[in-house]
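A quick write-up on the structure given underneath.
The values are calculated or read from the model by the stated rules, or taken from the named source; none is laboratory data. Note that the structure is a prediction, hence the values are computed from the model and not measured. Here the Cβ is made from the backbone with ideal geometry for all residues, glycine too, and neighbour counts use every protein chain on show. Areas reflect the complete protein model, heavy atoms only, side chains present, ligands, DNA and RNA absent. Shrake-Rupley method; radii C 1.70, N 1.55, O 1.52, S 1.80 Å.
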Amino acid sequence: MTRSDLVEELANRFGQLTQRDAEYAVKAILDAMGEALVRGHRIEIRGFGSFSVNRRPPRLGRNPRSGEAVAIPEKRVPHFKPGKALREAVDERTKQLLGVDDK
């Protein structure tokens with residue numbers, strides 16, 4: 001699902017929202033989430049999952065072409081951990097689509 005798909009789905013589900021209002025709502029939510037992560041905060045949406053920032057320590061890598069050692073600096077990267085309800089829903093739906101029996 002893309003951002004525009006999300007906007008379209010929101011506008012379709014809530015008839016009182018215009019396409020433009022749905023676009024503003026999605027933009028506002030994503031901007032707020034991005035800002036919170038930049039500030040180092042954790043975002044938790046019950047039943048869906050949590051977003052946090054993980055630290056990747058500095059390390060020594062290799063240039064694949066020359067084999068030369070390259071210092072890779074420390075990074076902070078966004079991380080998503082799905083909630084139990086989402087994991088179970090995805091697992092169940094996948095089993096239904098594939099026709100897999102759990103027994």
Just the accessible area for Lys27, please: 1.4 Å probe, Å², rounded to the nearest 10?
-> 100
Counting only residues 5 or more apart in sequence or on a different chain, those whose built amide H sits under 5 Å from that of Gly49 are Gly83
Express the carbon and sulfur contribution to the solvent-accessible surface of the chain as a percent, rounded to the nearest whole number, probe 1.4 angstrom.
-> 54
Whenever you get a sec, line up Val26, Val38 from highest to lowest accessible area (probe 1.4 Å, protein heavy atoms).
-> Val38, Val26
Can you list the HN-Hα couplings for region 38-46, worked out from phi with the Karplus curve (6.51, -1.76, 1.60; θ = phi - 60°), rounded to whole Hz and with x for Gly and Pro?
-> 4, 6, x, 7, 9, 10, 10, 10, 4
Taking a crude spin-label model, label points 7 Å out from Cα along the C-beta direction, the Gln96 to Ser50 distance in nm is 2.9
Using alpha-carbon coordinates, inclination of helix 3-13 to the longest axis of the chain, degrees | 20
Considering the chain as a Gaussian network with a 10 Å cut-off on Cα pairs, which listed residue, Gly34, Gly49, Gly15, attains the greatest mean-square fluctuation?
-> Gly15
Probe 1.4 Å, heavy atoms of protein chains only: per residue, the accessible area of the chain in Å² is 85
